[in-house]
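Below you'll find the structure, written out as structure tokens, and then a few comments.
The values are calculated or read from the model by the stated rules, or taken from the named source; none is laboratory data. Just so you know, these numbers come straight off a predicted model, no measurement behind them. We place every Cβ from the backbone using ideal geometry, glycine too, and count neighbours over all the protein chains shown.
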Amino acid sequence: MFGILEKLLLLQERDEKLHSFLHEINGVPGEKASLQRDLENAQKNLENDKSRATQIEVERKRLEVEADGKRTQIAKYRTQQFETRKNEEFTALKHEIERAEGEIIRVEDRELELMQEFEDLKPVIAAADQKHAAEKSRVSTLMKTADDKVGVLQGRADELRVERDAIAAEVRASDEDLLDLYEKLFRTKMGRAVVPLEGNHCSGCHMTVTPATLRDARVGTSVVSCEQCGRIVYAIPE
Ligand SMILES: [Zn+2]
């Protein structure tokens, strides 16, 4: 294999690595955003449970006040009953008292329901609290790992870029058009610009190359392209 082809293969190897490192680096913000969402969800769950507990307490206090009001009302009715001399009025007050007592029972039943809900909510809040704490620590560790990863990948990518630029400069010095062709192929052919022949097939597009191309590739003194896909092809020495 002649020199410039070896250089192109070396350049392609560096470019492939560089490309894959950059791809990994680009994926990191998405990974971090997803971690952030996990943490926010855990926090939201905890806040929802806590705010339901607060609502229950407020509602219970309101019901207590309501029941106290009814009791005061009943006491007043009893005093009025004691003072009245009219049978009709006495009976009417008796009905009022019964109605208020019925309402107190209804309010107290609701209070009991709320107390039960509050008790049931306690372990739920404790679990949500634990989950939130665990997510916080998991996310913080993984965020740090992600940042470290970017640092390492970026350092390696910078090194690769220096290396590939040096090789590219050597190719350009001997054949500028060839470098342009290679770079265009690398972009358009998913990083497979220079490919070996497999028998008389191009391993990039799997089509048969012409006998002339096959011969030229085997002689190996010029750059040969596949007629079908335009990739630079070379023959692996037998
Ligand atoms: Zn081809």
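Within the stretch 199-213, how many residues turn out to be away from the ligand (no atom under 12 Å from the Cβ) and in a helix (DSSP H, G or I)?
2
Just for the stretch 187-198: of the residues that are under 20 Å from Ser222 (Cβ atoms) and not β-branched (Val, Ile, Thr), which one is nearest to the ligand (Cβ to nearest atom)?
So the residue we want is Leu197.
Determine the pairs where a residue that is within 19 Å of Gln12 (Cβ to Cβ) and at pLDDT 95 or above, located within the stretch 143-162, has a partner that is surrounded by 11 or more Cβ atoms within 10 Å (Cβ to Cβ) and among the aliphatic types (A, V, I, L, M) with Cβ atoms under 9 Å apart, the partner being 6 or more residues away or on another chain.
These pairs meet every condition: Arg156/Leu18; Ala157/Leu18; Ala157/Leu22; Ala157/Ile25; Leu160/Leu18; Arg161/Leu18.
Could you check the stretch 5-30 and list, in sequence order, the residues that are farther than 29 Å from Arg172 by Cα and modelled with pLDDT under 95?
Those that are farther than 29 Å from Arg172 by Cα and modelled with pLDDT under 95: none in the stretch 5-30.
Search the stretch 118-149 for residues being within 17 Å of the chain's Cα centre (by Cα) and hydrophobic (A, V, I, L, M, F, W, C), and hand back the single one that is farthest from Thr54 (Cα to Cα).
Ala146
Would you point out the residue of the stretch 83-100, among those that are part of a helix (DSSP H, G or I) and exposed (fewer than 13 other Cβ atoms within 10 Å of the Cβ), that is farthest from the chain's Cα centre (by Cα)?
Checking each candidate, the answer is Asn87.
Within the group Glu170, Glu227, which residue is without any contact (Cβ under 8 Å) to a residue 24 or more places away in the chain and either under 13 Å from Leu9 (Cα atoms) or acidic (Asp, Glu) (or both)?
Glu227
Return the residue satisfying two criteria in turn: it lies in the stretch 214-238 and is near the ligand (Cβ under 9 Å from one of its atoms) and more than 43 Å from the chain's Cα centre (by Cα), and of such residues it is nearest to Leu18 (Cα to Cα).
Within the stretch 214-238, the match that is nearest to Leu18 (Cα to Cα) is Ser225.
Take the residues in the stretch 173-219 that are touching a His at 6+ places or on another chain (Cβ under 9 Å) and β-branched (Val, Ile, Thr); name whichever of them is nearest to Gly3 (Cα to Cα).
Val209
Here is a check on your reading of the model: is Leu153 in a helix (DSSP H, G or I), away from the ligand (no atom under 12 Å from the Cβ) and surrounded by 14 or more Cβ atoms within 10 Å (Cβ to Cβ)?
In short, yes.
Just need a number here: residues in the stretch 184-238 that are in contact with a strand residue (DSSP E or B) (Cβ under 8 Å, 6 or more places away or on another chain) and acidic (Asp, Glu).
Of the residues in the stretch 184-238, 1 are in contact with a strand residue (DSSP E or B) (Cβ under 8 Å, 6 or more places away or on another chain) and acidic (Asp, Glu).
Just need a number here: residues in the stretch 164-213 that are under 38 Å from the mean Cα position of the chain (by Cα), closer than 16 Å to Tyr234 by Cβ and among the small types (Gly, Ala, Ser).
Selection size over the stretch 164-213: 3.
Quick check on my filter: what residues within the stretch 166-186 are over 19 Å from Gly220 (Cα atoms) and within 16 Å of the ligand (Cβ to nearest atom)?
Answer for the stretch 166-186, where residues must be over 19 Å from Gly220 (Cα atoms) and within 16 Å of the ligand (Cβ to nearest atom): Lys184, Leu185, Phe186.
Name every residue in the stretch 24-63 that is farther than 20 Å from His132 by Cβ, within 17 Å of the chain's Cα centre (by Cα) and free of Cβ contacts under 8 Å to residues at least 60 places away in the same chain, in order of residue number.
Asn26, Gly27, Pro29, Gly30
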